[in-house]
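Chemist: I'd like to ask you about the structure that follows.
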Amino acid sequence: MLGKMAASVLEHGEDQFRNIFRLYRRRNPPPDLSQVIDFSRNVQHEQVFATELDSSRVHDEAASRAGLRPVKDWRAFSLQTHPGFLFISNPFLPGSQQHWVKQCLKAYPQKPNVCNLDMHMSPAETENIWERSVDSIRKKEKSRPKTLLEKLRWVTLGYHYNWDTKTYSADHFTPFPQDLHSLSETVAAACGFPGFKSEAGILNYYRSDSSLGIHVDESELNHTFPLLSYSFGQTAVFLLGGTKRQDPPTAMFMRSGDIMVMSGSSRLLYHAVPCIIPAPAAQPLPPCLDQRQEKQPVSGGIIQGVSEEDWEVCSRYLLTSRVNMTVRQVLGAGQTFPTTQSAAGESREVSESRSGYDEESEDAAQNAKKRKNESGYEADS
Ligand SMILES: O=C(O)CCC(=O)C(=O)O
Ligand SMILES: [Mn+2]
């Protein structure tokens, strides 16, 4: 039977997104990265323009409390071709990225949050992922079994995304982390979205050979608020496409500390992460991650210092990993979940393979198998 995506491609033309995704995912020979937009450099690209954010939206003290530089110092960019898309090149204050890395590795995988390892292990076994992994990670052994932390692929927060039905529901909710909400509320306000409510989070953990399939994030019930995405650790290539798979995507590097905002008409565009770029031998960790906090934390600030001991584990993990946090508002103001929800999800058909970090497949059975295998720790040894 022809999959929905294949049928659509036959009807409308070639799946350009998939062709380009495959080019960047190729390992041998490695892809040509010369067309990938690099916002960390002086960008000279016909599609890119610098965007001045209104710095009066967020006071410098509020930015500092969230571990961010004053908004007037942020380097923000837009794309002519993708209105509503905003790229903020590492606005974090020195030392504050470490807090988020530690939260993603040590705090957020803890119960009651949900992670891929829960699909195949008992709650007792997925308790204390950090504690069960640190000794092995600290040791410099060349070959050893993968730790649970290295098998972690995703964690969900707040309204926990259901990968099977592609829905959120009122009855599967746990409190959203306050620190990540404060950061997201501040970033959203700076981008012109005051009152943003962080209601669901999907954290993605990429190893050097991981990718994230082509998908649209449309399961949230309200799309007027932006989707925020934060990157830490190794650099990824991010592909931003159009509303159709036939639209060729734009490629850009996402480096440690970069923030991406998908709002307005870019909120529902196809996107994917085809590859993680191997770190240069001379600089295995991005220098911005090595910085320690310059000043004493401001009062009421959310950034906690990370101990040398914890950072040793985090930095070792990041030598071969990228961590990404996405934060979403699920419901509009005053909106509630419908009492009976259909298992819709439409064009998110490819995103389920996210839990497996593999390229999209149009075949549902194959997808289900992938998800089952790759969200499980045993398949990834
Ligand atoms: O890792 C990324 O940069 C993208 C993540 C993403 O698209 C998602 O979680 O929906
Ligand atoms: Mn996404």
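Chemist: Once you treat every alpha carbon in the chain as an equal point and sum by Debye, what is log10 I(q)/I(0) at q = 0.14, 0.15 Å⁻¹?
Modeler: Those come out to -1.33, -1.57, one per q.
Chemist: Sorted by packing (mean other beta-carbon atoms within 10 Å per residue), highest first, where do 216-229, 119-132 land? Don't jump to the answer; show the numbers that get you there.
Modeler: Details: 216-229: 19.9, 119-132: 14.8.
For the peptides 216-229, 119-132, the packing ranking is 216-229, 119-132.
Chemist: Under the definition of Cα pairs under 8 Å and six or more residues apart, what whole-number percent is the relative contact order of the chain?
Modeler: 24
Chemist: Report the extension gain between Glu46 and Ser34 in nm, rounded to one decimal, defined as 0.36 nm multiplied by the number of residues separating them, less their alpha carbon distance.
Modeler: Details: separation 12, 0.36 × 12 = 4.32 nm, distance 1.45 nm.
Additional length available on full extension: 2.9 nm.
Chemist: Taking 8 Å as the Cα distance limit and 6 or more residues as the minimum spacing, I'd like the relative contact order of the stretch 221-335 as a percentage. Numbers along the way, then the final one.
Modeler: Numbers: 180 pairs, mean separation 46.2, N = 115.
After rounding, I find 40 percent.
Chemist: With n ≥ 4 as the cut-off for DSSP H runs, can you work out [θ] at 222 nm for the chain, using -39500 (n - 2.57) per run divided by the number of residues, rounded to the nearest 500?
Modeler: Values: 10 runs with 85 residues, N = 381.
Helix contribution divided over all residues of the chain: -6000 deg cm²/dmol.
Chemist: Determine the alpha carbon to alpha carbon distance for each of Lys111/Lys139; Lys111/Lys142; Lys102/Lys140; Lys166/Lys197; Lys166/Lys244; Lys106/Lys151 and list only those over 22 Å.
Modeler: Details: Lys111/Lys139 26 Å; Lys111/Lys142 31 Å; Lys102/Lys140 20 Å; Lys166/Lys197 20 Å; Lys166/Lys244 20 Å; Lys106/Lys151 14 Å.
Correct reply: Lys111/Lys139; Lys111/Lys142.
None of the figures in this text is laboratory data; all of them are computed from the coordinates on show. Worth saying up front: this structure is predicted, and the values here are computed from it rather than measured. Here the Cβ is made from the backbone with ideal geometry for all residues, glycine too, and neighbour counts use every protein chain on show.
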